[in-house]
Structure formats: C-alpha cells, structure tokens
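The structure appears below as structure tokens.
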C-alpha cells in the first residue's frame, strides 16, 4: 500500500485520539480536519460534507424508531414479555435463563436497541435469576448476549445507518447490477438470522445451566413447574399488543402502504396509543424521560453520521477502499478466507467503537471488496450488524456488558471468565450468516419475486 502524508495524518491522528479516550465522533472530526490541512484543502469542504451527510430524508426514520423504542421501554412492555417467556420455557432446566433469551429477543423487536434491551430485560431478569439460584455471571452473560438480537430487528435504526453507508457501493454479481441495499430488504433479511441467534443462545444457556446445575437454591436445584397452556395463552395475549409493532412495520412496508420512514412514524403513533391509552403505564414524567433520551440518542447518531460522511469523503479522496482491497487480496483470493479476515477485522474494530461508528467507517472499506468476492450488500449488511453487535458486548467499550454488570453488581472480569460458551453461540450464528447467503436473502427474495443479494 502506497502511503502519503494525508493518509498517515488521518490514520495516526484517529488512532491516537481513540487511545486517549476521545469520543469517536470528535476523534473522527478532528482527524478529518487535520487531514484537510495536510492536503491543503479548504475546511469548508469538510463541513459541507458533514451537513450533506445528515440532510437525508430517510434519516427521519432514525428518531422515530429510537423514540418508539424508548416509549416501549418506559411503558411497561418488558414485564409482559418476561411473563410470557417465563411461562413458555421457564419449566425446563435453566428455564429462567432460556426465558431470558426469549424475552430479550422479543423485546429487541420492540426496542430495536441492544442497550435498551439489556437495560429493560436486565433490570427485570438479572435480579430475578439471582434470587432463584443462578450465578450473577450467568445471568449477565445470558442477558447481554441475547439482547444483541435488537440490532437485527426491523425496528433497529442501525439498519438505516447501514443502508446510508452502503448507498455508494456498487458491483456485479451473477450478471445482476448491485447498488446499495434498501431498508425494507434489510428488515426482512434480519428475520432468519435473529431466529438463528436466539436458537444458538438457547442452546448455550441450556448447556451452561445443565453443566453447572442451575438453578441452585438453598435446598438444591429447583425447577419451576409447568404453568399450563392456559397461562401461556393468557400471557401471550397480554404481550401481543407490544409485539405487534414489528408486524405493523413489516406489514406496512410489504403492503406498499408506506415507506420505511413512514412506517417508523406509524410505530411511534402506535407506541403512544398502546402505552398511554391502552396499557396506561406511561405517565407524563415517563413520556418526557423517553422524549429526552430519544432526543439525546438521535443527536449523537446524527452527529456521528455527519462526521463519518466527512470521513467517507476523505477515504474516497485518498483511494483508501481500493488500497485496503489490494492489501487483503494480496493475502488471499479465496472468498471464504477473505470473509473470515473481514470478520476478524470487524470484530477487532468493534471492540473499540460503538455500533454506528463501526458500520459507518467499515462499510465503505469492506463492502466493495465483499461484493467483488461474491457477497451482496444485503448479506454484508447482516454480517456487519452481527459483528458490530458482538462488539457491544466486548471490552474495552462493550456498553451492553457495562450495563449488565452494573445491574448485577459484579465486575467485567468475573463475567469474562465464563463468557466463552456465549461467544461460541454468537460465532456459530455469524458463521451461518457469513457462509450461507440465502439465510439473509431468502425472505426478501421470496417477497420481491426477484433475486436480492
């Protein structure tokens, strides 16, 4: 790879700023400004690029999805989902851990955010699991890993961020022109992978519980009795209105009644009606709290999108994607090995950056290369979402892990000692998504009646 001064300034300054714990958005902005200086380009070009990156109509879906998730989080939906999940699988060995997996997956579909998922489910499930004889590290690992399902759900604003990052990528696969990935295709593409993730986590939760004899009460192992199908049906009916938001979003898009952006607005309206008028669990103070958190998160995300658009301009100007592709192609031209290398790099970068940063920075670097090796933008979108979600649960950043440990009152070191089975479950899911293309593309292809890559 031919190095030049602007590229050295960009890479070194960004790395140094991350090492000294400067927030990612500011690290990107400062490194880009320094690079403009090294190139002798006017700073106004960077600021124009930043504003243009945020001024995209489809980004209206981001605050809507975030606000909808906050409304559900503060509106008491979590408790109803937990009751249903516990009635469904709580009577098996390690049943409360398995119920935790199911509940986190279902609530992830409502919130669309792994961090919100672990906050809501962790606050309910971790203390409950500890009271019933499960170890604290087991409770945290189950909750934090299962909550990652929120990144793949239709309500995930990270899908919209990826669709934006991928819109400039293009290529040819089997004679078909590939350009970007639609938000609707990504929403349907995540359904099978999130099911695979839930199954892998259920297996891991069950295996660890059996191995350690969980739950362990004062008088030995105890298992909750089966509550009966009537209790399961009643709890499902109680949780169904909250879960219906996923069906509503996908149904509106599939029927052509709305775009993804409009469906996000519909989701907010539905969430308001459900939590304020039907359940009546969202008072004025909680509504204001949900609005404030949604505004804060939206501001952070849009700032990150703006500075990353500036970074993408710099990467294109410096021809960085092509240089990265040449570097990896010099190592191997085997698609399986190439996808393995890309996954490893994404995982490493994801441990230092939050999910949106990983998506925005890595998509223009690796998507063109993966398209060249036969992986379409829809499949790559699911791959990078799984990788970025895994980074949420890996130190030194790992926000979901920090939240889970704070709820349980234990250190990250304790959790890391028993984390391998859960990492193994995530790795198995990632391998399936990476090396079995139809796993991500089958549902959108079936619904559109034409190949989706």
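The values are calculated or read from the model by the stated rules, or taken from the named source; none is laboratory data. What you see is a predicted model; the values in this text were computed from it and never measured. Glycine gets a Cβ as well: all are built from the backbone with ideal geometry, and neighbour counts include every protein chain shown.
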Quiz prompt | Selected residue (only one of 197, 191, 152 is surrounded by fewer than 20 Cβ atoms within 10 Å (Cβ to Cβ), modelled with pLDDT of 90 or more and within 30 Å of residue 126 (Cβ to Cβ)) | solution = 191
Quiz item: When you scan region 1-116 for helices (runs of 4 or more DSSP H) that lie fully inside it, which ones turn up with 2 or more residues that are over 18 Å from residue 245 (Cβ atoms) and modelled with pLDDT of 85 or more?
Solution: 5-19, 24-39, 43-54, 77-89, 95-111
Quiz item: Exactly one of (1) crowded, with 17+ Cβ neighbours inside 10 Å; (2) modelled with pLDDT of 90 or more; (3) closer than 28 Å to residue 12 by Cβ is unmet by residue 379. Its number?
Solution: (3)
Quiz item: Has region 176-186 got any residue that is touching a helix residue (DSSP H, G or I) at 6+ places or on another chain (Cβ under 8 Å), surrounded by 23 or more Cβ atoms within 10 Å (Cβ to Cβ), at pLDDT 90 or above and part of a helix (DSSP H, G or I)?
Solution: yes
Practice problem: Would you mind stating whether residue 212 is crowded, with 17+ Cβ neighbours inside 10 Å, at pLDDT below 90 and over 19 Å from residue 79 (Cβ atoms)? | Solution: no
Quiz item: Does residue 290 satisfy being surrounded by 14 or more Cβ atoms within 10 Å (Cβ to Cβ) and either touching a residue at least 60 places away in the same chain (Cβ under 8 Å) or on the phi < 0 side of the Ramachandran plot (or both)?
Solution: yes
Exercise. Among the residues of region 439-451, count how many are surrounded by fewer than 17 Cβ atoms within 10 Å (Cβ to Cβ) and either outside any helix (DSSP H, G or I) or within 20 Å of the chain's Cα centre (by Cα) (or both).
Key: 3
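From the list 260, 267, 238, pick out the single residue that is over 22 Å from residue 81 (Cα atoms) and either surrounded by fewer than 17 Cβ atoms within 10 Å (Cβ to Cβ) or in contact with a helix residue (DSSP H, G or I) (Cβ under 7 Å, 6 or more places away or on another chain) (or both).
Sole residue among the options that is over 22 Å from residue 81 (Cα atoms) and either surrounded by fewer than 17 Cβ atoms within 10 Å (Cβ to Cβ) or in contact with a helix residue (DSSP H, G or I) (Cβ under 7 Å, 6 or more places away or on another chain) (or both): 260.
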Practice problem: Under 6 Å between Cβ atoms, at least 6 apart or on separate chains: pull out the pairs that start in region 6-18 with a residue that is more than 15 Å from residue 315 (Cβ to Cβ) and end on any residue that is crowded, with 19+ Cβ neighbours inside 10 Å. | Solution: 17/27; 18/27
